[in-house]
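Following: one structure in C-alpha cells, then a few remarks.
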Amino acid sequence: MLGEFSSIPLEKLKDVEIMQFTGLLDKNGKEIYEGDLIRYYLNFTDASINEIRQCIWYHSGFGFKKPDEEDQSALYMQTNRLEVIGNIYSNPELLTSKKT
C-alpha cells in the first residue's frame, strides 16, 4: 500500500490533483502539464497579440484549447509561442480571461 512506503500520510493526499507532464517545454523552458494555462502568442513580432489556452488531453496526445470552448477541439502550437502562466487549480480566474 502506498501509505506504507510514502513519508506523506494518505489522508494528506485526498485533495491532490495529479497533473500529467506533456513532454513539452514552453518558450522559457518550463515544463507544460495537463491543466496548465498558457499564454499563446499569435504573432512573433507583436507580443500584445495573445490568447490564454488550457492544456488538455486530446485523443492520444495533448492540445491547447480556449477556456470558453465547449468542444474538446485542440490545436497544435509551436512551443516557442507558449508561456505557462498558471494552472486551472491554482489560477481558475484566468479561465474567464480573454486577451490580456
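The values are calculated or read from the model by the stated rules, or taken from the named source; none is laboratory data. Just so it is clear, the structure is predicted and the values come from calculations on it, not from any experiment. Because the Cβ atoms are built from the backbone with ideal geometry, glycine has one as well, and the counts that use them run over all protein chains shown.
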Could you tell me whether GLU34 is at pLDDT 80 or above and buried (at least 18 other Cβ atoms within 10 Å of the Cβ)? yes
Of all the residues that make up the range 33-44, how many are part of a strand (DSSP E or B) and touching a Cys at 6+ places or on another chain (Cβ under 6 Å)? 1
For the range 45-70, enumerate the residues that are assigned to a strand (DSSP E or B) and either hydroxyl-bearing (Ser, Thr, Tyr) or touching a residue at least 60 places away in the same chain (Cβ under 8 Å) (or both). TYR58
Which pairs have Cβ atoms under 7 Å, sit 6 or more apart or on different chains, and link a residue in the range 71-100 that is within 15 Å of ILE49 (Cα to Cα) and modelled with pLDDT of 75 or more to one that is hydroxyl-bearing (Ser, Thr, Tyr) and not in a loop (DSSP other than H, G, I, E, B)? ARG81/TYR40; ARG81/TYR41; LEU82/TYR40
